[in-house]
Structures are given as C-alpha cells and as structure tokens.
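Each remark here refers to the structure printed beneath this line.
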Amino acid sequence: MNTSSPASGIARDDSLSLLLMRVGQTRDKQAFAELFRSYAPLIKGFAISHANSQFPVQAADELVQEVMLKVWLKAPSFEPTKSSANTWVYTVMRNCRVDLMRRSSRRDFGDSGINVEDIWDEAQDNHPLTQLQQSRNEALIGAGFKQLPDEQKQALTYVYMHGKSHSEIAAETGLPLGTVKSRVRMGLMRMQTLLKTGEMP
Amino acid sequence: MIQHHPDDNLLVEFASGGLAWGLCLLVSAHLEKCHSCKLKIQMQERIGGGLLCQLAAAEPAPDSLATLLAKIDGEAPSPATLLPQPPPAGPRQAGYPRVLNKLLHHNPAMKWQRISRGLRACRLITGQQRYEICLHHITRGQQVHQHDHGGLEITLVLQGSFSDAQGIYHAGDFVTRHPGQVHRPTASQNEDCLCLSAVEAPAQLTSIFGRLLNPFLRFRPA
C-alpha cells in the first residue's frame, strides 16, 4: 500500500475489513501495521480538522496512538456483518476524541463514572445490517458527498469532519440555527438514500 | 410504543460526537429502548465511515507505529479485559436504562427536594456544567406549575406517563421543549411519573422573581 497517499487504500473497503478481522482473530501484527498505515494518516487528519480549545492540534499524534491502540484492543469485537472497517474505525475515533475532551472537563466538574463506552454502548448494537448491499454502498458515500450542493456539503463537513454541534456551526458561519439544521437534514437525507439504494437522489 | 424521539439533527450530533455530554446521557438512555433511533444512528455512523476518505490525510509522527507496537507488546492484555464489563453493583432499578443505573451508582447520596406539591426533584452529578440533569417525580394526578425555560429542556419518561397541552408521553418517550414553549405537565391518574431531564443553563437568569416561580430553573449544574 502506498503510504504517501493513504486515502487511496480506503476505497478498498473489503480488504481493510479483512485486515481488521485478521487482527481480531489471530492478533496478526503485520495486518495491524497495514491497518495503521491506512488509518493513522486519516486519524491524524481527523484530529487536525477537529482541533479546538479543548482539543489542541498538538493532541493529534496522541489521538492516533489512542485510536490505534483501541483498534488493536477491540478488534476481536469487530463483526463485519454489522459494519465495515471504516465505520467501525470512525466510531472508535469519535469515542477517543470525546474521551480526550472529557478528561479536561472531568478535572473541572468531577467524575460521574460514565465513560464513552457507556454512552455509545457497543454491546447493544445487536442489529446486523438487514441488507448486505448497504455495506457495499458505503463506498459510494465519498463520491455522493462530492455531488451534494455546496451548502449541504459544508454543513456535513462541519458535522462529521469537524465534530461541531449545530449551534457551534451557526456561530462560526453566522447562519441562523434553523438554516444549519435544515441543510444538515437535507444532506443527511440524500446520503441515506444513497446508502439504501446505491443511487444519488 | 415509543412515540416521541430525538430529531435527526440531535441524533447526528450524537453520532458524530458533537453533542453536549449532558444530552448524550439522555439520548443514550433513549436509544437503549428505541430500535428505530438506534438504526438511524447506525446509518449516520455509516455516513461518517463513508466520509473518512474525504479527510485530508496527515502523516503521523515517524516513530508512531514503532511506539504503538512496543506498547502493545508491553501490555499484552488478556482477552478478559475486552469483554463487556458487568453493570456495577449499587442502587439500581430493573427496567432503568443501563446508563442511568451507572449514573445512580455514582450518585449514592441522592437528595430528593420537594419543588412544589406533587413534584420532587433529585439532581445528579454528571461531570459537566451545561445541563442540569435531574430525576423528576410527579405524584399521580398532580399537575406541575406552568413553566417556560431559559434554554432547551429534554425529558425522558422512565416510568408512568405525563401529559401537557401538546400530548401524552409514556416510558421511553423523549420530549423536547425549546425556550418559549410554555407547558404544564400532569402525571396520569393511575401511576406516579418518573422522568430523567436535562435543562440547559439559561444564558441569563432574568429576575429573582422569575426564578422563584420557575421550579425548573433552580439551576445548579454538576
């Protein structure tokens, strides 16, 4: 795999899922190193685009370490019938970022004993995908995203790639909250249709 | 049958990790009982997974993989640590969402306060400051004072049911009220109603008088 353009490996969705299964089932470190080369640059990119006052850009490499360690530890629980490697890594990454941000506020407001695994409880994700087709359509998301109207693309970029709440987006863009909400909803609807039917509405 | 759900905007904030921690607790508790919202979250997470490759990649620190492999060799965690942990012992109630039971476990000294006739509240420590997270108990048949709120108010019905001018809400229902939506909840006649609620910190508390009148605005985030 070409490490200088790591995103090129992502389109090969199935091969990453296979690697993740190998890591989970046989604790294969070579497979893990391959996963690292595919995902670490994206995780670092994610961390940089999510940087804010609670989550400084200097924490980017820390996030890479945390996410990839979690990937190693949790790989045995990966079930390809429930999600692709990309989605699974996305949720691990999201949880690690929230966890890193929570650490500073826990110092300020006390520990409630609830951690990210309690909030996004994987044990409850007991709904296998009803259509295998949906999993394959995931690969279309990237291309479909590019076809969205600019305003919806921007809204979903803020949501997914910057991890912003709608009110933060409204504050940053100067748009009314209602406008942000409707743009996000419309963008989501088109992406969902794409996932279900494989075709852009 | 759950009739009232978080809207898609709130769900996608949850799925993408942008939602305030206090509200995450309530959404998580709702999801535990709500299959349809759970499916929506899975769909939204898949969009997140699909958008991964849209991120601008950045080269990790040169020693990153070697550091990690050394860490993995050092730790060698036993498979047992990977299994889901059993719920903690402590004050918990059958039928409550797991996340609430865990929260109750860390709030052993629960102090119920009488707010008004038929209404009691117990503030929970949740490690955040934007939302006041409380259990509210309304005695059967009792009506809560009419109130507005300075910010968002979300109520998750845990047991029993209550109604207001907009509808009737049963266990599992996720009721969202925005500022300006004045309401006057009444518990149903046959059963006490228990709710988990999150009330946003008002940007400004306008008057002492208003605060005294408003039982939901005695704001003390934790």
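Laid out as a table, the results:
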{"quantity": "Residues of region A:27-72 classified as touching a residue at least 24 places away in the same chain (Cβ under 8 Å), more than 7 Å from chain B (Cβ to nearest Cβ) and within 27 Å of B:Trp21 (Cβ to Cβ), total", "calculated": "13"}
{"quantity": "Total residues in region B:108-128, condition in contact with a strand residue (DSSP E or B) (Cβ under 8 Å, 6 or more places away or on another chain) and not charged (D, E, K, R)", "calculated": "10"}
{"quantity": "Test: residue in region B:71-80 that is acidic (Asp, Glu) and either modelled with pLDDT of 90 or more or closer than 30 Å to A:Ile141 by Cβ (or both)", "calculated": "no"}
{"quantity": "Verdict on B:Gly127 being buried (at least 19 other Cβ atoms within 10 Å of the Cβ), more than 15 Å from the chain's Cα centre (by Cα) and of a type outside the set (Phe, Trp, Tyr)", "calculated": "no"}
{"quantity": "Among (1) outside any loop (DSSP other than H, G, I, E, B); (2) surrounded by 23 or more Cβ atoms within 10 Å (Cβ to Cβ) - the single one A:Asn95 does not satisfy", "calculated": "(2)"}
{"quantity": "Within region A:73-88, considering residues that are part of a helix (DSSP H, G or I) and touching a residue at least 60 places away in the same chain (Cβ under 8 Å), the one farthest from B:Ala15 (Cα to Cα)", "calculated": "A:Ala85"}
{"quantity": "Count of region B:1-47 residues which are at the interface with chain A (Cβ under 7 Å from one of its Cβ atoms) and among the hydroxyl-bearing types (Ser, Thr, Tyr)", "calculated": "2"}
{"quantity": "Members of region A:153-201 found to be more than 22 Å from B:Leu152 (Cβ to Cβ), surrounded by fewer than 20 Cβ atoms within 10 Å (Cβ to Cβ) and in contact with a helix residue (DSSP H, G or I) (Cβ under 6 Å, 6 or more places away or on another chain), listed by number", "calculated": "A:Met161, A:Met186, A:Gln192, A:Gly198, A:Met200, A:Pro201"}
{"quantity": "Hits in region A:172-201 - residues which are more than 8 Å from chain B (Cβ to nearest Cβ), part of a helix (DSSP H, G or I) and not hydrophobic (A, V, I, L, M, F, W, C)", "calculated": "A:Glu172, A:Thr173, A:Gly178, A:Thr179, A:Ser182, A:Arg183, A:Gly187, A:Arg190, A:Thr193, A:Lys196, A:Thr197"}
{"quantity": "Evaluation of B:Tyr169 against (1) in contact with a strand residue (DSSP E or B) (Cβ under 9 Å, 6 or more places away or on another chain); (2) modelled with pLDDT under 85 (one fails), failing number", "calculated": "(2)"}
{"quantity": "Members of region B:2-13 that are assigned to a helix (DSSP H, G or I) and either buried (at least 24 other Cβ atoms within 10 Å of the Cβ) or at pLDDT below 95 (or both)", "calculated": "B:Val12, B:Glu13"}
{"quantity": "Residue selected from region B:23-69 under the condition at pLDDT 90 or above and part of a loop (DSSP other than H, G, I, E, B), by the criterion nearest to B:Cys134 (Cα to Cα)", "calculated": "B:Cys34"}
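Here is a yes/no grid of residues against (1) closer than 29 Å to A:His166 by Cβ; (2) outside any strand (DSSP E or B); (3) touching a residue at least 60 places away in the same chain (Cβ under 8 Å); (4) not assigned by TED's automatic domain parsing to the domain that holds B:Cys34:
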{"site": "B:Asn107", "(1), (2), (3), (4)": "no, yes, no, yes"}
{"site": "B:Arg120", "(1), (2), (3), (4)": "no, no, no, yes"}
{"site": "B:Gly127", "(1), (2), (3), (4)": "yes, yes, yes, yes"}
{"site": "B:Ile154", "(1), (2), (3), (4)": "yes, no, yes, yes"}
{"site": "B:Ile168", "(1), (2), (3), (4)": "yes, no, no, yes"}
{"site": "B:Val175", "(1), (2), (3), (4)": "yes, no, yes, yes"}
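Here is a yes/no grid of residues against (1) in contact with a Pro (Cβ under 6 Å, 6 or more places away or on another chain); (2) modelled with pLDDT of 95 or more; (3) crowded, with 16+ Cβ neighbours inside 10 Å; (4) over 17 Å from A:Met161 (Cα atoms):
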site	(1), (2), (3), (4)
A:Asn2	no, no, no, yes
A:Ser5	no, no, no, yes
A:Arg12	no, no, no, yes
A:Ala31	no, yes, yes, yes
A:Phe36	no, yes, yes, yes
A:Ala40	yes, yes, yes, no
A:Gly45	no, no, yes, no
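Rundown of residues vs (1) of a type in the set (A, V, I, L, M, F, W, C); (2) assigned by TED's automatic domain parsing to the domain that holds B:Glu200; (3) modelled with pLDDT under 90, yes/no style:
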residue	(1), (2), (3)
B:Arg140	no, yes, no
B:His145	no, yes, yes
B:Ala165	yes, yes, yes
B:His178	no, yes, yes
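The values are calculated or read from the model by the stated rules, or taken from the named source; none is laboratory data. Not measured: the values here are computed from a predicted model. Counting neighbours? That spans all protein chains shown, and the Cβs are built from the backbone with ideal geometry, glycine included.
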